[in-house]
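Trainee: Quick one: structure below, then a few questions.
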Amino acid sequence: MLVINNLHAEINGKEILKGISLKVNPGEVHAIMGPNGSGKSTLASVLAGRELVMVTAGEVLWEGKNLLDLSPEERSHEGIFLGFQYPVEIPGVSMVNFMKTAINESRKAKGMEPLSPSDFLKLMREKKNLVEIESGLTSRSVNEGFSGGEKKKNEIFQMAMLEPKLAVLDETDSGLDIDALRVVANGVNKLKTPQNSSIVITHYQRLLDFIIPDFVHVLYKGKIVKSSGKELALELEEKGYDWIKKELEQA
Amino acid sequence: MKELSIYEEQNLNFSHLTDHMEKLNDPLPRFFREAREKAAVSFGEKGLPDKKDEDYRNFPINNLFEKDFKYRFFKEIVHFDINHIFKCDIPNLDTHVIILLNGFYHGGDDQLTELQDGIKFGSLLAATKELPEVVEKHFSKYSGFGRDGFVDLNTSLARDGVFIYVPENSVLEKPVQIVNLIFSNKELFIQPRNLIVLERNSTFRLVVCDHALTTNHSLGNSVTESYIAKNAKYDFTLLQNEHNNASLINHHFIYQEENSRVETNTISLHSGLIRNNHFVTLDGERAENIANGLYLMDKNQYADNHVFIDHAKPNCRSDQLYKGVMDDQARGVFSGRILVRKDSQSTEAYQRNNNILLTDEARMNSKPQLEIYADDVKCSHGATVGQIDEEAMFYLRSRGISENEARLMMMYGFTHDVIKNIHVDSLRGRIEELVYKRLQGELAKCENCGFVNV
Ligand SMILES: Nc1ncnc2c1ncn2[C@@H]1O[C@H](COP(=O)(O)OP(=O)(O)OP(=O)(O)O)[C@@H](O)[C@H]1O
Ligand SMILES: [Mg+2]
């Protein structure tokens, strides 16, 4: 469903992604790991359509179409979801209004009628239970004053509301306590179907105990330098990235 | 065609104001005449402020008088029912409505109207007859003389604006609404003059709407004095929603005694030019003043808010929050002056002014001015002038919300912490709606406040 070919991208004239290729099929879970600053969030940004990142070469195909032609909102309507590493606080915009607008704009794009207020509230309640999010949070402004963990849970809640085909989760596990981690992972697993896929960006094996990846990739200096099965994550946890760097130097 | 008869109308000759005093002073008591004459003399000496005046430096005063404005010295008699051309349509807004037509109290001048518990309202002229001692105690006491030519001009022409009297211990749940209507086929210069008196322990809510029913050029120069006695509570909302040919210069002088509480919301949605001078004197311990403002300007509109909070006594608290969205070539000024006098210890004074500029040509000039002479003071101020947060825009869009809708949500969210302070629920609902429409670029107006062709 997603094909990335030799993707090069820069931010403010500095090349960050230096030739990335990746293929994600329906139902697959891909983990992307790699040292700080290697370009993981930048890759996620390209997929979601952040204008700051400029693609200079390569292509990204989504269900056969050129993804890079689409605006961020169109990508969302297409079923792509980005769980932000740093969710943004938006004072004065209520969670309810935010979600209602998001859902209804996406329905509009599909030629569907807006949800009735009661159906919308029912959906909110159902998804809140699924991700065990505090009721109070959804009556506040988007992410405003949320704790780090609450913000991450809120990302999963939004994902549950929007039911994407491809979820790109950028360090959704960082800053979560053990219970929250389990809730988040459960949420992801419950939303899993044979058709939808995820790209999980993480630094920690512990998330991958809950969300079992089919593939683990190592991103280093803007390139995928190693891809393997789930055992790679264990190895990285144990030995860090130095051995990969050494391997690269020798090659 | 409706029938209008005009008693007297003359081109306004600023330099000879005193010549008109005789005829103006006719039915007025002595103290009132004296105040007007004093103001006329001081106006004759100083005239209107100009660019050299620090407080009016950015103010486009020259453009203002390019028009040949007419001033009416006396009220005109209108031979039609005002209710036929105007009825405030805000759903569920249950208020006692007072209409000022072209600056004059619309209704009888002979008597004040009593609401309950001795709460009275009516024309200032009637008040000089019925409650002369109250008017004498307060009239022009807070506006003063010689500090601003516009105020002197207003004082020297003051006649029958709105007078409201709320006696000790009375509580009026239902707000009073003053609607400042302009309805004329001339280019009018109007001078509304209001006096609001809240005695001890009273509670009162006032809503003021500025509306023009005709689209001619007009200039409003209004002065409101509000006296808030010990323990009294005053909630005031001003809604300025006119059209590009209307210019509004508005002065509000609020004098607060011990333990009184005043909350004002100044909402400027639409007008060619707006100048709001907001003066607060906290002249009793534990007095509190909350001043909120919101201005949404576009095209060549101009919005200028001057706030001056004088902490004249210890233990008082003031908090200002003014926010603005400037589109196209709109320009604006926010000047927030806080004076904490030498003996005003344990003062708390806060001020925030946040602005969003939607284009490169929009301008905003934000000037905090703090003068603090006491040492035990908690004080903070912050001013921002910026663009829409692009990170937040991307976040909303990544959830499927279109760019336009996302921008609208952001701007609306930005205005929210001002609007949420409006305590009259139905009015808040309507203002939310008007702001939303305004941000969408629609001409936002209350339905029945539409324009009538004369
Ligand atoms: N807005 C920006 N302006 C300039 N440089 C940027 C910007 N955003 C990212 N970069 C740079 O791009 C590089 C890759 O950053 P990215 O956020 O993709 O790393 P990451 O792999 O997600 O790191 P982490 O594990 O710390 O989240 C870094 O060197 C970073 O400084
Ligand atoms: Mg990152």
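Trainee: Which residue pairs have Cβ atoms under 7 Å apart, sit 6 or more places apart or on different chains, and have a first residue in segment A:40-67 that is assigned to a strand (DSSP E or B) and among the acidic types (D, E) and a second that is open to solvent by 40 Å² or more (accessible area, probe 1.4 Å) and more than 16 Å from ligand 2 (Cβ to nearest atom)?
Mentor: Within 7 Å, the pairs are A:E59/A:N5; A:E59/A:N66.
Trainee: Still on this structure, please answer the following. Restricting attention to segment A:160-202, which residues are within 15 Å of the chain's Cα centre (by Cα) and within 16 Å of ligand 1 (Cβ to nearest atom)?
Mentor: Hits for segment A:160-202 are A:V168, A:L169, A:D170, A:E171, A:T172, A:D173, A:S174, A:I199, A:V200, A:I201, A:T202.
Trainee: Taking segment A:208-251 as the region of interest, how many residues are of a type in the set (F, W, Y) and touching a helix residue (DSSP H, G or I) at 6+ places or on another chain (Cβ under 8 Å)?
Mentor: Counting residues in segment A:208-251 that are of a type in the set (F, W, Y) and touching a helix residue (DSSP H, G or I) at 6+ places or on another chain (Cβ under 8 Å) gives 2.
Trainee: Restricting to segment A:181-218, give me the number of residues that are of a type outside the set (S, T, N, Q) and within 16 Å of ligand 2 (Cβ to nearest atom).
Mentor: 8
Trainee: Let me ask something else about it. List pairs: first in segment B:100-116 and open to solvent by 40 Å² or more (accessible area, probe 1.4 Å), second assigned to a loop (DSSP other than H, G, I, E, B) and of a type outside the set (F, W, Y), Cβ under 7 Å, 6+ apart or cross-chain?
Mentor: Pairs that qualify, where the first residue is open to solvent by 40 Å² or more (accessible area, probe 1.4 Å) and the partner is assigned to a loop (DSSP other than H, G, I, E, B) and of a type outside the set (F, W, Y), are B:L115/B:L172.
Trainee: Here's another thing I want to ask about it. For the condition assigned to a strand (DSSP E or B) and among the basic types (K, R), what is the one hit in B:K313, B:K323?
Mentor: B:K323
Trainee: Could you give me the residue pairs with C-beta distances under 7 Å whose first residue belongs to segment A:20-38 and is within 16 Å of ligand 1 (Cβ to nearest atom), whose second residue is of a type in the set (K, R) wherever it lies, and which are 6+ apart or on separate chains?
Mentor: These pairs meet every condition: A:I20/A:K223; A:I32/A:K40; A:G34/A:K40; A:S38/A:K221.
Trainee: Would you point out which residue out of A:E28, A:E105, A:E74, A:E113 is open to solvent by less than 80 Å² (accessible area, probe 1.4 Å), closer than 28 Å to B:M410 by Cα and of a type outside the set (V, I, T)?
Mentor: A:E105
Trainee: For segment A:228-250, give me each residue that is over 10 Å from A:H30 (Cα atoms) and within 19 Å of the chain's Cα centre (by Cα).
Mentor: Matches in segment A:228-250: A:A233 only.
Trainee: Could you go through segment A:12-35 and let me know if any residue there is within 17 Å of the chain's Cα centre (by Cα), more than 16 Å from ligand 2 (Cβ to nearest atom) and either at the interface with chain B (Cβ under 9 Å from one of its Cβ atoms) or among the basic types (K, R) (or both).
Mentor: Yes, because at least one residue in segment A:12-35 is within 17 Å of the chain's Cα centre (by Cα), more than 16 Å from ligand 2 (Cβ to nearest atom) and either at the interface with chain B (Cβ under 9 Å from one of its Cβ atoms) or among the basic types (K, R) (or both).
Trainee: For segment B:277-295, what are the residues that are of a type in the set (S, T, N, Q) and buried (at least 24 other Cβ atoms within 10 Å of the Cβ)?
Mentor: The answer is B:N289, and nothing else.
Trainee: Considering B:D343, B:D328, B:D360, which residue is open to solvent by 30 Å² or more (accessible area, probe 1.4 Å) and within 28 Å of B:F65 (Cα to Cα)?
Mentor: Only one candidate passes the filter, namely B:D328.
Trainee: State whether the residues of segment B:150-168 include one that is acidic (D, E) and crowded, with 21+ Cβ neighbours inside 10 Å.
Mentor: yes
Trainee: Could you check how many residues of segment A:72-91 are facing another protein chain (nearest Cβ under 7 Å) and charged (D, E, K, R)?
Mentor: 1
Trainee: Among the listed residues A:K128, A:K100, A:K122, identify the single one that is free of Cβ contacts under 8 Å to residues at least 60 places away in the same chain, within 14 Å of another protein chain (Cβ to nearest Cβ) and not in a loop (DSSP other than H, G, I, E, B).
Mentor: Criteria check complete, one pass: A:K100.
Trainee: Filter segment B:147-193 down to the residues that are at pLDDT 95 or above and in contact with an Asp or Glu (Cβ under 7 Å, 6 or more places away or on another chain), then identify the one that is farthest from B:N92 (Cα to Cα).
Mentor: Across segment B:147-193, the extreme among qualifying residues is B:E168.
Trainee: Please go through segment B:363-383 and pick out each residue that is open to solvent by 60 Å² or more (accessible area, probe 1.4 Å), without any contact (Cβ under 8 Å) to a residue 40 or more places away in the chain and under 24 Å from the mean Cα position of the chain (by Cα).
Mentor: Passing the criteria: B:R363, B:Q369, B:L370.
Trainee: Mind listing whichever residues of segment A:131-147 are over 19 Å from the mean Cα position of the chain (by Cα), open to solvent by less than 60 Å² (accessible area, probe 1.4 Å) and touching a residue at least 40 places away in the same chain (Cβ under 8 Å)?
Mentor: A:L137, A:T138, A:S141, A:G145, A:F146 - these are the residues of segment A:131-147 that are over 19 Å from the mean Cα position of the chain (by Cα), open to solvent by less than 60 Å² (accessible area, probe 1.4 Å) and touching a residue at least 40 places away in the same chain (Cβ under 8 Å).
Trainee: Examine segment B:143-166 for a residue that is of a type in the set (D, E) and assigned to a helix (DSSP H, G or I), and state whether such a residue exists.
Mentor: Taking every residue of segment B:143-166 in turn, at least one turns out to be of a type in the set (D, E) and assigned to a helix (DSSP H, G or I).
Trainee: Moving on to the next point. Look at segment B:118-142 and say how many of its residues are in contact with a helix residue (DSSP H, G or I) (Cβ under 7 Å, 6 or more places away or on another chain), in a helix (DSSP H, G or I) and of a type in the set (G, A, S).
Mentor: 1
The values are calculated or read from the model by the stated rules, or taken from the named source; none is laboratory data. Here the structure is a predicted model, which is why all the values come from computation and not from measurement. No Cβ is skipped: glycine too gets one built from the backbone with ideal geometry, and neighbour counts run over all protein chains shown. Just the protein is used for accessible areas: all its heavy atoms, side chains included, with ligands, DNA and RNA removed. Shrake-Rupley method; radii C 1.70, N 1.55, O 1.52, S 1.80 Å.
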